[in-house]
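For reference, the structure discussed in these notes is given below.
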Amino acid sequence: MQSIYICPETQKPLSEHEEGLLRGDGILYPFVQGKNNTNIPNFLTTQQQGEYGKQALAMYDKKDSADIYRNFLNWLYKTFNENDLSFRKKLTSKLNIKKGDKVLITGCGLGDDVRAVLDAVGPNGEVHANDLAAKMVVAASNFNIGEGKVSLKNLFFSICDAQVLPFSDDFFDCAFHFGGINLFDDMKAAIWEMDRVVKLGGRVVFGDEAVAPWLKDTEYGRAAICNNSLWAAEAPLDLLPKTVVDVHLSWVLGNCF
């Protein structure tokens, strides 16, 4: 049986095997077990990570990573007086999702965006969520599939590098990423990959830490950057593909993202 995925390196189709996804040359991308025996393919087995990728795995792929990250998110939303669920619904609404759409979420973390997107695509749509860290993807699977809260027929998880996605060109109607792109070894590659796998006329929405430029030299901005050096980042407009249209730039969460 042919998989919905392709090899991220060769761009060739993969076939399903009881232990994973099989490449034509015999290379196996093994399954990791998620909630309810969900098969989650791991595409990292043949890939070397750069400096930032190794740091991300060291931080997010440990036994207690999910608990630490959840604590960080709780602190973040409380700091900026935002409700987690309503904030994520506002963000994902920028995708202009229609019922039946296929949506990609890269760097899914604990999967907090998944439910809002699932609600938007409806029972005939699909949500594909991935992350570099296996521990995060399994936690996202547990969070969203636990207790039968969502259907498995239109929700798919994978462990992969967002800079080399295991999907065909024009596979999705839209793609979403929030938080993490500042730590990619090749931010441009990640942005261009989202563009590659989204259909012509589709929508890509992404964001990460970056204090608004009018606040950087204020006491507020300096305090934020002192707390987290990533908030000194600039919006990467110069890395966008040359073919993009209808570009919008805005700041959220206390003008720090």
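The values are calculated or read from the model by the stated rules, or taken from the named source; none is laboratory data. Computed from a prediction, not measured in an experiment: that's the story for all the values here. FYI the Cβ positions are ideal-geometry reconstructions off the backbone, even for glycines, and counts take in every protein chain you see. Ligands, DNA and RNA are excluded from the accessible area calculation, which covers all protein heavy atoms including side chains. Shrake-Rupley method; radii C 1.70, N 1.55, O 1.52, S 1.80 Å.
Remarks
- Put a plus charge on the Cβ of each Lys and Arg, a minus charge on the Cβ of each Asp and Glu, and nothing anywhere else: the dipole of the chain about its Cα centre is then about 600 debye.
- For the residue pairs Lys35/Lys62; Lys35/Lys63; Lys12/Lys98; Lys199/Lys242, the alpha carbons lie more than 23 Å apart in Lys12/Lys98.
- Compactness ratio for segment 117-257: Cα radius of gyration over 2.2 N^0.38 Å (N = residue count) comes to 1.17.
- Under 5 Å, built H, 5+ apart or other chain: amide partners of Ala175: Leu104, Arg203, Val204, Val205
- Proportion of all alpha-carbon pairs of the chain beyond 25 Å (%): 43 percent
- Of all accessible heavy-atom area on segment 92-217, the percent that carbon and sulfur account for (1.4 Å): 53 percent
- Remark: the Gln49-Lys216 segment gains 56.9 nm on full extension, using 0.36 nm per residue and subtracting the alpha carbon distance.
- Between Tyr29, Gly201, Ala133, the Cα set farthest toward the positive side of the dipole of the chain (charges on each charged residue's Cβ, about the Cα centre) is that of Gly201.
- In units of the compact-protein estimate 2.2 N^0.38 Å, segment 50-154 shows a Cα radius of gyration of 1.12.
- Alpha carbon centroid spacing (whole Å) that separates segment 54-81 from segment 161-225: 19 Å
- Sequence-distant residues sharing a close amide H with Ala129 (under 5 Å, placed H): Ile105, Phe156, Phe157, Ser158
- Peptides 15-27, 105-117, 204-216 ordered by average Cβ neighbours within 10 Å, highest first: 105-117, 204-216, 15-27
- Summing Lys and Arg as +1 and Asp and Glu as -1 over all other residues whose Cβ lies under 12 Å from the Cβ of Gln48 gives a net charge of -3.
- Over segment 53-212, Cα pairs under 8 Å with separation of 6+ residues give a relative contact order of 23 percent.
- Average accessible surface area per residue within the chain, 1.4 Å rolling probe, Å²: 51 Å²
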